[in-house]
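The values are calculated or read from the model by the stated rules, or taken from the named source; none is laboratory data. Remember, predicted model here, so these are calculated numbers, not experimental data. Please note: Cβ atoms are built from the backbone with ideal geometry, for glycine as well, and neighbour counts cover all protein chains shown.
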Amino acid sequence: MKANNILSKPTEVSGYANDNLDQTIQRIHKGQTYRDLSTVWITPTRGSIACKVVSNWMGLMRPMNQQVVGPVFFEGDEVGVAYSKAFDWVLSDPNLAKFKFILTVEEDNLIPADGLLKLYESIVDYDCVAGLYFTKGSVEQSQPMIYGDPNVMPKNFIPQVPWINKVQPCNGLGQGFNLWKIDSLRKKLKDLPKPWFKTIQELGRAYTQDLWFYQEAGKYGFKVACDTRVKVGHLDAQTGMVW
């Protein structure tokens, strides 16, 4: 009778990861999971969030054995005021100010389960990175929230054509699913006048709170990008359409 030696194949002894250790180490470095990834999740809200969104958020994967606090909701303020309060709160709190990241998630965004893990990978060379999502409206008018090519002067916030599954540098972003380095906010923007987030509606100029921030922060060398691997849905709660 032929013996069945279950230890005859080296892979079955040491395991796939050990047998491909160089590749495994590269994967760990890319994922950044061996670093401190402590994160505060903040969400401005008008007070009501669709069940579809809440259910989606519950599936977000978080890094193993790391601190991810939140979501913490800032309710009732105009969105620029809410963001200003939220960022000031994190940066002034003696415990949260020691964290490494802020995650902003807006109340009408559907996020991929692995989206946060991918943003940890892509933020290494940037101060803020975001997932890719589009404005609401119509199929013909919906635009990607990737604003301005840093290589084109004068600086502008023209919507850009998304790159396919890459980290795309830009001048500005939406704030629907963004990861921010707290050290960059503290060090690079220490001289940036507050409030950092303003909604401007004046004759001759109009800015949403996000593009106002990126315009002003860019003057201090604040670098941002969109990770187009992270595909985020933008829910119209009244119609059920996801842009």
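Within the stretch 71-88, identify whether any single residue is of a type in the set (Val, Ile, Thr) and either within 24 Å of residue 242 (Cα to Cα) or surrounded by fewer than 16 Cβ atoms within 10 Å (Cβ to Cβ) (or both), and answer yes or no.
Within the stretch 71-88, the first condition is being of a type in the set (Val, Ile, Thr), and the residues that meet it are 72, 79, 81.
The next check asks that each one be either within 24 Å of residue 242 (Cα to Cα) or surrounded by fewer than 16 Cβ atoms within 10 Å (Cβ to Cβ) (or both); those that pass are 72, 79.
Checking the stretch 71-88: at least one residue is of a type in the set (Val, Ile, Thr) and either within 24 Å of residue 242 (Cα to Cα) or surrounded by fewer than 16 Cβ atoms within 10 Å (Cβ to Cβ) (or both).
Mind listing just one residue for me: the one in the stretch 64-79 that is in contact with a strand residue (DSSP E or B) (Cβ under 8 Å, 6 or more places away or on another chain) and within 30 Å of residue 34 (Cβ to Cβ) and, of those, modelled with the lowest pLDDT?
Here the answer is 70.
Looking at (1) in contact with a His (Cβ under 7 Å, 6 or more places away or on another chain); (2) buried (at least 21 other Cβ atoms within 10 Å of the Cβ), which is the only condition residue 230 fails?
(1)
State all residues of the stretch 109-129 that are assigned to a loop (DSSP other than H, G, I, E, B) and closer than 23 Å to residue 48 by Cα; if no residue qualifies, say none. Can you show your working first?
Within the stretch 109-129, the first condition is being assigned to a loop (DSSP other than H, G, I, E, B), and the residues that meet it are 111-114, 123-127.
Answer for the stretch 109-129, where residues must be assigned to a loop (DSSP other than H, G, I, E, B) and closer than 23 Å to residue 48 by Cα: 111, 112, 113.
For the stretch 126-142, give me each residue that is at pLDDT 95 or above and among the acidic types (Asp, Glu).
127, the sole residue that qualifies.
Would you confirm whether or not the stretch 61-68 contains a residue that is of a type outside the set (Lys, Arg), surrounded by 11 or more Cβ atoms within 10 Å (Cβ to Cβ) and in a strand (DSSP E or B)? Walk me through it before giving the result.
We begin by selecting, within the stretch 61-68, every residue of a type outside the set (Lys, Arg); these are 61, 63-68.
Retained after the next criterion (residues that are surrounded by 11 or more Cβ atoms within 10 Å (Cβ to Cβ)): 61, 63, 66-68.
Imposing the further condition that a residue be in a strand (DSSP E or B) reduces the set to 68.
Yes, that holds for at least one residue.
Let me confirm something: among 146, 102, 123, which residue is touching a Cys at 6+ places or on another chain (Cβ under 6 Å) and at pLDDT 95 or above?
The conditions single out 146.
Return a yes/no flag: does the stretch 89-97 have any residue that is of a type in the set (Val, Ile, Thr), out of contact with any Cys (no Cβ under 6 Å at 6 or more places or on another chain) and in contact (Cβ under 8 Å) with a residue 12 or more places away in the chain.
As a first pass, look at the stretch 89-97 and keep what is of a type in the set (Val, Ile, Thr): 90.
If we keep only those that are out of contact with any Cys (no Cβ under 6 Å at 6 or more places or on another chain) too, we end up with 90.
Add one more test, that the residue is in contact (Cβ under 8 Å) with a residue 12 or more places away in the chain, and what stays is 90.
Checking the stretch 89-97: at least one residue is of a type in the set (Val, Ile, Thr), out of contact with any Cys (no Cβ under 6 Å at 6 or more places or on another chain) and in contact (Cβ under 8 Å) with a residue 12 or more places away in the chain.
Which one is nearest to residue 52 (Cα to Cα), of the residues in the stretch 208-237 that are in a helix (DSSP H, G or I) and not polar (S, T, N, Q)?
Taking the stretch 208-237 as the starting set, the residues that turn out to be in a helix (DSSP H, G or I) are 209-218.
Of the ones still in play, those that are also not polar (S, T, N, Q) are 210-214, 216-218.
On the way: 210: 25, 211: 28, 212: 30, 213: 29, 214: 30, 216: 35, 217: 34, 218: 35 Å.
Of everything passing the filter in the stretch 208-237, 210 is nearest to residue 52 (Cα to Cα).
Between a residue in the stretch 182-201 that is on the phi < 0 side of the Ramachandran plot and any residue that is polar (S, T, N, Q) and in a helix (DSSP H, G or I), which pairs come within a Cβ distance under 8 Å, given they are 6 or more apart or on different chains?
194/84; 195/84; 196/84; 197/84; 197/209; 198/209; 199/209
Restricting attention to the stretch 126-137, does a residue exist that is within 21 Å of residue 210 (Cα to Cα) and touching a Leu at 6+ places or on another chain (Cβ under 6 Å)?
Of the stretch 126-137, the ones within 21 Å of residue 210 (Cα to Cα) are 126-137.
Retained after the next criterion (residues that are touching a Leu at 6+ places or on another chain (Cβ under 6 Å)): 129-130.
Yes, there is a match, as at least one residue in the stretch 126-137 is within 21 Å of residue 210 (Cα to Cα) and touching a Leu at 6+ places or on another chain (Cβ under 6 Å).
Looking at the stretch 154-185, which of the residues that are of a type in the set (Val, Ile, Thr) and in a loop (DSSP other than H, G, I, E, B) is surrounded by the most Cβ atoms within 10 Å (Cβ to Cβ)? Walk me through it before giving the result.
So the first thing to find is which residues in the stretch 154-185 are of a type in the set (Val, Ile, Thr), and the list is 158, 161, 164, 167, 182.
Applying the additional criterion that residues be in a loop (DSSP other than H, G, I, E, B) yields 158, 161, 164.
On the way: 158: 13, 161: 8, 164: 7.
Checked the stretch 154-185; the qualifying residue surrounded by the most Cβ atoms within 10 Å (Cβ to Cβ) is 158.
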